[in-house]
Amino acid sequence: KSTHLTDYTSPAWRVPKVSLCFELEPEETRVTAMLCVEHVDGHPQRDLVLFGEELVLESLSQNGEPLDSQYYELTKDGLVIRDLDESCELEIVTRIHPKRNTALSGLYISEGHFCTQCEAEGFRRITYFPDRPDVLSVYDVRIEADEKRYPVLLSNGNPVAQGELDNGRHFAHWHDPFPKPSYLFALVAGDLACHSDQFVTASGRTVDLRLYVQAHNLDQCSFAMQALKKSMRWDEQAFGREYDLDIFMIVAVDDFNMGAMENKGLNIFNSKCVLASPQTATDDDFIMIESIIAHEYFHNWSGNRVTCRDWFQLSLKEGLTVFRDQEFTADQTLPGVKRIQDVQRLRNLQFPEDAGPMSHPVRPQSYLEINNFYTMTIYEKGAEVVRMLQTLLGASLFRRGLDLYFDRHDGQAVTTDDFVKALEDASGRDLSLFRRWYDQAGTPVLEIQEGFDDSASEYHLSLRQHCPSTPGQDVKMPLHIPVSVALFAASGEKIPCGADAAIETTLELTEQQQTFVFKDVHEPPVLSLLRGFSAPVIVRDQHRPETLAFLMQHEDDAFSRWEAGQRFALNILLAWVADCQNDRQLLLDPRFSQAFAALLKDAQSHPALVAETMTLPSESYLGDQLSTIDVEAVHMARCTLMQQLGQQCFSTMVEIYEKTQGIAGFDALALGQRRLHNLCLTYLCASGESEAQDRALQHYHHAPDMTHTMGALRALIAQPGEVIHQCLGDFEQRWKDQPLVLDKWFSLQAMAPWPDSLERVQDLMRHPGFSLRNPNRVRAVLGSFTMANPLGFHAIDGQAYAFMAELILELDAINPQIAARLAGCFSRWRRFDAVRQNGQQQALQRILAQPSVSRDLYEIASRSLG
Ligand code: ARG
Ligand code: ZN
């Protein structure tokens, strides 16, 4: 049943025009679709194949004449029509049931409002259609609904008409002049309040901006609106991309499977990714919202004007758009901090995916359910691939290449090959070898060897690459890897190391092994490799403490400086894991605490960078470095390092904590200071000093905003006790009527590394604010528990595994996409000890034994089991 890239065939029929009429009722909505269809000259396939799911077919006619049943056949996944005229008008009337749609794909109801989600294959749950991204149509949409219950009626494009109908009903008519694939269709109807604004484009056109929310959320819109205007301006300035319709709308809905969706002119957002005020959202929420607003807006060009030929090309739009939103955020804040955070995300989430049973290339070869391929690899590694292209071409040729890409393919559905070809044509560079990044899965490993020839004043650097095999891909070819390097003299100065005495250079590794020679190097240099994280690879190096301490002090590339500190901490933590396992004492290398203390006192460093450096590698990343994950030892090692650092640097941290009190504003400096403020509190609490708990309690009760409130809770959550329970109780009372804020409370408790985690999770699920039907609630409680509470989820008794297996099945009957996501919690089972392996295998087998298991869940569970 799986779909293969190599089976792609171009569509046999075009659908240049679509008219849709919706007669909206929650229980039964009638959809009348008029398709202008044209057979593609000479295409061998004559039948018109339309997809359809959960539809009731009411009538079917060609050019106004009902079609006799001998000319069509209803199949299990759609409708096949024979002997149509080469070009005709097809009218299809279907009935659907939005209220029963708990999968949240197609047309469904959220908090009484109609909304849609069509990517990737939801449109076929609305009407019969060639629901594939390479069929582009101009849409006309008429919506009819009860005026009282649904005063606002929205679809893509520009509004054309609206008016009254009989029986208290009304209608609206929308027209989208830009041909688009069905996955970009959207409809919203409801009683929504509107926050409006305007934007004047570079060429002087005025665009109406509208943000639709439930009336009680109207006070949480202004940030998102500002973010939208910034994004529109930035895309003009950075990429020369201007908006193209008269109106741009965003709608916030509470029930949504993912973050947001870039439907043409009508973006639909998970309310979590739009709504924010300082009282309800943390600084991190604000930053996340700004980047998602930007991401969806940027899709207007990278995704909508130029779209994907088929779903194997998903990274064409997602990788490129993530790259664009990363660049946007870097421009708004501190580029180095943004880069560090993106690398952390990649390492914590994409590297394990690439090393596990779900590993797949940026352009996958096959899938069972495309919804399972909205992955870290498609998005984040895809963005790294685009970034490497920028590094290899240089900013200006890269920009020229993108201009050519948008220009050449405007209005088309294309492939990642077309994208690379445009960059090749614009730059004159040969990227044939580079294309392997799209087809080869797995994270490459770089090994290095250094040599210094005193008499010749030459420094030699040998780089060797290899990539471990991944499921279905045993043999790996060398990749084209940009490796940015700099050489440092013992003085801390950089040594010229490239052509024209460049102070840093990007080496291009294209073979399995290559040696690069640097001339006129008069002392053995200190190497800084992979500056800016110039490629998504793992570097195997000796990482000697002296070198790391040196780079922590002298490196001027923000990422590499941070990396040296992380590597140092990682070495200590890994050694401590072994010490824990052997009941040895955990003794801290004084060189690390000295470097750490020096960093704290370094007035030159930006507080946001100091905060990043103070943040130790995550437990999951630590576990990934071990041959067998030992959740207890990892937790113990990491907590102990925080404790010791907290104790040794107590007074410095108190000083910083006090200096960063009461910081307002939203510039990079203020954001960094608040992070540092909260982080110091976490370390102070980790030290175990009772004075710190009092501070945290004060911090909680005097918090001016949610950033501070959560700072206190996060600092306190490490230790169960009176203080944290008091704060949690207070928080619940205060926020029980605001689901998005209560999610923070759910999530924090589900992640708490306390004993009895499973019972706590079960209690949370009985809370009146919880519901299995809402993806945000599920993610807050069960997503947090399985992904961010290793001690609880992987408790040795295996009870959490069994519990989650049953729950995932229960959820599968409601919403397969969410069930499949959650089931990813078992995909790393091979990395654990025998007892935990067994428990997780059993959970996967239990899931697969369910006869009614969805295709989504089946694919994840079966691939995980291997
Ligand atoms: N295109 C959307 C975005 O990245 C995400 C759609 C995800 N769809 C899905 N079925 N998981 O912005
Ligand atoms: Zn996207």
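When the Cα centres of region 217-272 and region 375-435 are compared, how far apart do they sit, in Å?
Cα centres, region 217-272 to region 375-435: 25 Å.
With θ set to phi - 60°, apply the Karplus curve 6.51 cos²θ - 1.76 cosθ + 1.60 along region 484-498 and write out the HN-Hα couplings as whole Hz, x wherever there is a Gly or Pro.
Each residue of region 484-498 in turn: 7, 9, 9, 10, 10, 7, 4, 5, x, 7, 7, 9, x, 9, x Hz.
I need to check one value: relative contact order of the chain, counting alpha carbon pairs closer than 8 Å and at least 6 residues apart, in percent.
Rounded, it is 8 percent for the chain.
Mind checking the full-extension length gain between E164 and D41? Use 0.36 nm per residue of separation minus the Cα-Cα distance, one decimal, nm. Don't skip to the end; give the middle numbers.
Numbers: separation 123, 0.36 × 123 = 44.28 nm, distance 4.35 nm.
Residue separation times 0.36 nm, minus the Cα-Cα distance, leaves 39.9 nm.
Please compare each pair in K264/K317; K1/K99; K272/K744; K229/K744; K229/K381; K17/K264 to a cut-off of 20 Å on the Cα-Cα distance and tell me which ones are over it.
Going by Cα-Cα distance, K1/K99; K229/K744; K229/K381 fall outside the 20 Å limit.
Pull up the cross-link candidates among the aspartates and glutamates for K519, meaning alpha carbon to alpha carbon under 16 Å and not fewer than 8 places away within one chain.
Qualifying aspartates and glutamates at Cα under 16 Å: E450, D453, D454, E458, D500, E504.
With Cβ to Cβ distances under 9 Å as the rule, what net charge do the other residues near Y139 carry (K, R +1; D, E -1)?
Net charge around Y139: +1.
Based on the alpha carbons, how large is the Rg to Rh ratio for region 125-215 when Rh follows Kirkwood?
Numbers: Rg = 15.1 Å, Rh = 14.9 Å.
Radius of gyration over Kirkwood radius for region 125-215 works out to 1.01.
Measuring from label point to label point, each 7 Å out along Cα→Cβ, what is the D556 to A202 span in nm?
3.2
Based on the mean of other beta carbon atoms within 10 Å per residue, what is the order of 143-149, 468-474, most packed first?
143-149, 468-474
Just how far, in whole angstrom, is region 4-68 from region 538-593 if you go by their alpha carbon centroids?
60
Using only Cα atoms, find the angle between the long axis of helix 799-814 and the longest principal axis of the chain, and express it within 0 to 90 degrees, rounded to the nearest 10.
The answer is roughly 20 degrees.
Separation of region 486-517 and region 706-770 by C-alpha centroid, Å?
50
Taking θ as phi - 60°, what are the ³J(HN,Hα) couplings along region 220-234 by the Karplus curve (6.51, -1.76, 1.60), each to the nearest whole Hz, with x for Gly and Pro?
With coefficients 6.51, -1.76 and 1.60, one gets 10, 9, 5, 5, 4, 5, 4, 4, 5, 5, 4, 5, 5, 5, 4 Hz.
If the only charges are +1 at each Lys and Arg Cβ and -1 at each Asp and Glu Cβ, what is the size of the charge dipole of region 440-491 around the Cα centre, to the nearest 20 debye?
So the dipole magnitude of region 440-491 works out to roughly 320 debye.
Take the Cα pairs of region 449-500, get the Kirkwood Rh, then feed it into Stokes-Einstein at 20 °C and 1.002 mPa s and tell me D in µm²/s.
So the translational diffusion coefficient is about 149 µm²/s.
Each residue of region 333-338 in turn: what ³J(HN,Hα) in whole Hz from Karplus with 6.51, -1.76, 1.60 and θ = phi - 60°, glycine and Pro shown as x?
Result, rounded to whole Hz: 10, 9, x, x, 5, 4.
Using Cα pairs closer than 8 Å and at least 6 residues apart in sequence, work out the relative contact order for region 1-140, in percent.
Details: 288 pairs, mean separation 42.6, N = 140.
It rounds to 30 percent for region 1-140.
Return the calculated 222 nm mean residue ellipticity for the chain, to the nearest 500 deg cm²/dmol, obtained by summing -39500 (n - 2.57) across DSSP H runs with n ≥ 4 and dividing by the residue count.
Result for the chain, helices only: -12000 deg cm²/dmol.
For K659, give me every one of the lysines with a C-alpha distance below 25 angstrom, ignoring sequence neighbours fewer than eight places off in its own chain.
K338, K601
Give me the one-decimal Kirkwood hydrodynamic radius in Å for region 183-239, with the sum taken over alpha-carbon pairs.
Radius from the Kirkwood sum: 12.9 Å.
Can you find, among S231, S396, M614, the residue farthest towards the positive end of the dipole of the chain? Put +1 on the C-beta of Lys and Arg, -1 on that of Asp and Glu.
Comparing the listed Cα positions along the dipole, M614 ranks first.
If you keep only loop residues by DSSP, which trypsin sites (Lys or Arg not before Pro) in region 567-674 have at most 13 other Cβ atoms within 10 Å of their Cβ? Write out the running numbers ahead of the final one.
Numbers: sites: R567, R584, R591, K601, R638, K659, R674; in loops: R584.
Sparse-neighbourhood loop trypsin sites (Lys or Arg not before Pro): R584.
Which whole-percent values make up P(r) of the chain when all C-alpha to C-alpha distances are grouped in 10 Å steps starting at zero?
2, 12, 21, 25, 21, 12, 5, 2, 0, 0
Going through region 825-863, which chymotrypsin sites (Phe, Trp or Tyr not before Pro) have at most 12 other Cβ atoms within 10 Å and a DSSP loop state?
Sites meeting the loop and neighbour criteria: none at all.
Taken together, the values in this text are just the output of simple stated rules run on the coordinates, not laboratory data. For clarity, every value in this text was computed on a predicted model and none was experimentally measured. When we count neighbours, we look across all protein chains shown, and the Cβ atoms used for this are built from the backbone with ideal geometry, even at glycine.
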